[in-house]
1. Looking only at the range 88-95, decide whether some residue is touching a residue at least 40 places away in the same chain (Cβ under 8 Å) and open to solvent by 30 Å² or more (accessible area, probe 1.4 Å).
2. Can you pull out the strands (runs of 3 or more DSSP E) entirely within the range 1-81 that have at least 1 residues that are closer than 25 Å to S107 by Cα and more than 15 Å from the chain's Cα centre (by Cα)?
3. Only one of (1) open to solvent by 60 Å² or more (accessible area, probe 1.4 Å); (2) out of contact with any helix residue (DSSP H, G or I) (no Cβ under 9 Å at 6 or more places or on another chain); (3) more than 27 Å from L5 (Cβ to Cβ) fails for I141. Which number is that?
4. List the pairs whose first member sits in the range 105-121 and is farther than 15 Å from G51 by Cα, whose second member is open to solvent by 100 Å² or more (accessible area, probe 1.4 Å), and whose Cβ atoms are under 9 Å apart, counting only residues at least 6 apart or on separate chains?
5. Among the residues of the range 82-116, how many are among the small types (G, A, S) and under 19 Å from H32 (Cβ atoms)?
6. May I ask you to verify whether V52 is open to solvent by less than 40 Å² (accessible area, probe 1.4 Å) and closer than 13 Å to L10 by Cβ?
Amino acid sequence: MAQSLCKIYLHIIFHVKTCSPNIDEQDLEHVHSYIGHLINVAGCQSIRVGGVSDHVHVVCLLSRNQTVSHLVEEMKRNSSRWIKTFNPKYHDFAWQGGYAAFSVSQSVVDKTIQYVENQQEHHRKLSFHDEYLQFLKLYGIEYDDRFVFSD
């Protein structure tokens, strides 16, 4: 029997829907931990989940049996359901419809993890909007600004 071998690191970013309440700072660790749990349940390996009140960054290993779109769908759908039960404040919580996913070379995995760990400090200087556009430009992704930040 042939064996499929792969090791695909991903950096995934998604945002809280514009009309949704942001995640309170004291709740971020719980939310990030739960998203990490969902990644593992999906058969992938969570390496680091972080972010700030209005968006999430995920560094993970993609399972050879999983697609990026299915993984993100599972993370967002199940975490959104859970967040709504976590605190009545989040009754109307929702993630944006889209996401960004980037491959990460083995040589920069540690740098990417540090980037995710330093989100609080990073966003004192740079907005999510500007950060997101920098990633799209860095990876050479063509986009229409009218739709990138729509819910």
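1. Yes, the conditions are met somewhere in the range 88-95.
2. Values: elements: 8-15, 45-52, 55-62.
Hits in the range 1-81: 8-15.
3. (2)
4. If the second residue must be open to solvent by 100 Å² or more (accessible area, probe 1.4 Å), the pairs left are Q106/K7.
5. The qualifying residues number 3.
6. So V52 does not fit the description; no.
The values are calculated or read from the model by the stated rules, or taken from the named source; none is laboratory data. Bear in mind that the values here come from a model prediction, so they are computed numbers and not experimental data. Glycine gets a Cβ as well: all are built from the backbone with ideal geometry, and neighbour counts include every protein chain shown. Please note that ligands, DNA and RNA were not included when accessible areas were found on the heavy atoms of the full protein model with its side chains. Shrake-Rupley method; radii C 1.70, N 1.55, O 1.52, S 1.80 Å.
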